[in-house]
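Report on the following structure.
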Amino acid sequence: MVNSRNTYKEKVSQLISWGHWFSFFNIIAAMLIGTRYIMDSEWPQTLLGQLYLVSSWVGHFGFLVFGLYILILFPASFLIPSQRLMRLFSVTVATVGLIVLILDSYAYKTLDLHLSPLVWDLLLSGEKSELNARWQYLFVLVPVIFLAELLIAEYLWRKQRSFSRKKVGGTIAWFFGACFLFSHLIYIWADANVYYPVTMQRSNFPLAYPMTAKTFMEKHGLLDPSTYAKRKAEQGLVDSQHIRYPLQPLIFANEGTKQNILMIMVDSLRSSAVNKETMPYLHTFAQNNLNFTNHYSSSNNNVDSLFGLFYGLPNQYLDSVRAEKLKPVLLSTLAKRHYNLGLFSGDQFHSPLYYQVILGEQPQPSTTKLTEKSAPNDNKAIHDWHQWLNKQTDKTPWFGYIELNGVKDFEEDSDYVPHFTPSLGSSASDNVTTNPTLLLRNSYRNAAYHIDGQLAKIINQLKSKDLLKNTIIIITANHGMELNDNSNNNWGSNSNYSQYQLKVPMIIHWPEHKAQVISQLTSHLDLVPTLMKFVLHSTSPINDYSSGYSLFANNKDRPWVLAGNHHDIVIIQKNRTTVVDKYGNYRVYNQQYQLNQNAKPQLSTLINVMHELKRFYQPNSGY
């Protein structure tokens, strides 16, 4: 009995010792595969960023493999005392682990996503595509890796005693542990100080969750929350990547048409509000000019939608642009062409994006900045616009931007007399006092009707000066506003990606173009390339500086447009909307924005989308 116990203890001890060395060699193998993530990610430009990269590469893969050993192989050593069977089991586990790691690195390279339910669904969908065909060839590596693991397992078993005599196991363990701890300490400091060369590496490796300690540091007086918030707001997301914008220096055929450009952005104006009852002037104006009836904003919130409108890029690039303080190519080119810029807003450009990026060093608005207690004042903005316009001459072209906020603040705005009143029926439920939905919808219509009159004032001012023949007028919105349209208690914006929050007007007066209703799918991302090409006469390929298309191109077969923010990728197609979050989880909705539980994203579409979302990032300069 004693001999039996001793034999069991000896076998388990041998298996545990062998398992440690087997894990070590698999850590080396995982690190070698992990170099693929480094090659497909941005190379840090500072010494500290590079130290973090190396330490996290060593520490993270050491932790992953050793964690797998602790969870699976270590307890199995007690349950499977047969050394042959245990080695076979360990080789199988190691082979599966390395194959999954290779698949993850492949998904990261092609889709910019780590393995997730979405990626697995796409790879197993059976859809015929180059990606789906190529990834299956990876399984050719299975027998190769399995055989290599068998050879390593056999070699280590035979050399186990000689390895044990060298007594280097403790040193190796301390080295990997130190790298793991060092990398997390660096990240804690970098996160608190918004140190980009480190924080940009947050999601490089699979199952990577770097430590943060802002709450602890705030509690002990090591971090000032206000300073941190200010620094983060100035720099954008801490894990944003370096961006090339534009991809190549822009080329121009000549000085352009020198036409004036007026862009009027009505905050929260939904597309359906442009009708002859609610906005009669704008409705008539749309009938007499270019009316894009299937136009979508680039987001359902103010900041992201403005970014798409001015930059012509998807919102996933916003924080990279903000971190590097890159100006829109449109405004930069206008400034180089000596356009006079007139910028006016009912809330004095309250969104920080204007001053952080869009306006930057451009001339600031002529009106006085509002205090936090001041109310938006569209009439003041229009008055300042009229005064500014009166100072313009025919010798210098101008670009005017007017932001109107009366629709957004329809519940609080008392600056207009209601034009619409709810139709009251005989039942108490129809009464305005007992039907808040009816009240809010009519308040919104009243606000839109009031804005319609203000639009008439602006355009009539141009008519009175005979400027319509040489002025391009663009009337649009940053995003829409939902008014419980699907009876699901959804109101306002920035809550979902239904057409009520994304579909907005795009009405353009262009002197050279006759009136036309254009029903093809268009996006906010299309405005910049249209103006760059047809007003400023850029001959550079549009995809050098934008993800959009020309509004005048024949894009009837355009498969999708992009929207969303840094949390969600939104793919708008003819019959459905797909939302993919940053973790790879997805939801597919129909035209009425009802969830389709059985639908899945199309692999070919997602590959193209992911390519577009990576195209403007800097290539890895370290390889």
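The values are calculated or read from the model by the stated rules, or taken from the named source; none is laboratory data. These numbers come from a predicted model, not from an experiment. Counting neighbours? That spans all protein chains shown, and the Cβs are built from the backbone with ideal geometry, glycine included. Quick note on the areas: whole protein, heavy atoms, side chains included, nothing else; ligands and nucleic acids left out. Shrake-Rupley method; radii C 1.70, N 1.55, O 1.52, S 1.80 Å.
For this structure, a couple of remarks:
- Against the criterion of being open to solvent by less than 20 Å² (accessible area, probe 1.4 Å) and in a strand (DSSP E or B), G308 does not qualify.
For (1) part of a helix (DSSP H, G or I); (2) open to solvent by 30 Å² or more (accessible area, probe 1.4 Å), each residue gets a yes or a no:
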{"site": "G19", "(1), (2)": "yes, no"}
{"site": "F25", "(1), (2)": "yes, yes"}
{"site": "L32", "(1), (2)": "yes, yes"}
{"site": "E42", "(1), (2)": "no, no"}
{"site": "G49", "(1), (2)": "yes, no"}
{"site": "L53", "(1), (2)": "yes, no"}
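- The C-beta contact set for segment 512-538 (first residue free of Cβ contacts under 8 Å to residues at least 60 places away in the same chain, second residue surrounded by 14 or more Cβ atoms within 10 Å (Cβ to Cβ) and not aromatic (F, W, Y), distance under 6 angstrom, 6+ apart or interchain) comprises T530/S550; T530/L551; K533/S550.
- Of residues in segment 317-331 being farther than 12 Å from L525 by Cβ and in contact with a strand residue (DSSP E or B) (Cβ under 8 Å, 6 or more places away or on another chain), the one surrounded by the fewest Cβ atoms within 10 Å (Cβ to Cβ): E324
- Among all residues of segment 91-100, there is none that is open to solvent by less than 60 Å² (accessible area, probe 1.4 Å) and either touching a Gly at 6+ places or on another chain (Cβ under 9 Å) or outside any helix (DSSP H, G or I) (or both).
- The residue that is least open to solvent (accessible area, probe 1.4 Å), counting only those in segment 450-491 that are without any contact (Cβ under 8 Å) to a residue 12 or more places away in the chain and outside any helix (DSSP H, G or I), is N490.
- Scanning segment 494-517 for residues that are assigned to a loop (DSSP other than H, G, I, E, B) and open to solvent by less than 40 Å² (accessible area, probe 1.4 Å) yields N496, Y497, S498, V504, P505, W510.
- Test: residue in segment 386-409 that is part of a helix (DSSP H, G or I), within 30 Å of K258 (Cα to Cα), in contact with a strand residue (DSSP E or B) (Cβ under 6 Å, 6 or more places away or on another chain) and at pLDDT 55 or above: yes
- When Y593, Y589 are screened for being modelled with pLDDT of 85 or more, at positive phi and out of contact with any Asp or Glu (no Cβ under 8 Å at 6 or more places or on another chain), only Y593 passes.
- Test for L185: is it out of contact with any helix residue (DSSP H, G or I) (no Cβ under 8 Å at 6 or more places or on another chain), surrounded by fewer than 20 Cβ atoms within 10 Å (Cβ to Cβ) and in a helix (DSSP H, G or I): yes
- Index of the failed condition, F78 passing every other in (1) at pLDDT below 85; (2) open to solvent by 60 Å² or more (accessible area, probe 1.4 Å): (1)
- Only one entry of D544, D557, D526 meets the criterion of being charged (D, E, K, R), under 22 Å from R576 (Cα atoms) and either at pLDDT 95 or above or under 18 Å from the mean Cα position of the chain (by Cα) (or both), and that entry is D526.
- Selected residue (only one of F66, F89 is of a type in the set (F, W, Y) and farther than 25 Å from V140 by Cα): F66
- Note on segment 353-377: among residues that are open to solvent by less than 80 Å² (accessible area, probe 1.4 Å), closer than 21 Å to I459 by Cα and over 31 Å from the mean Cα position of the chain (by Cα), the one that is modelled with the highest pLDDT is N377.
- Some residue of segment 258-275 being assigned to a loop (DSSP other than H, G, I, E, B), among the hydroxyl-bearing types (S, T, Y), at negative phi and in contact (Cβ under 8 Å) with a residue 60 or more places away in the chain: no
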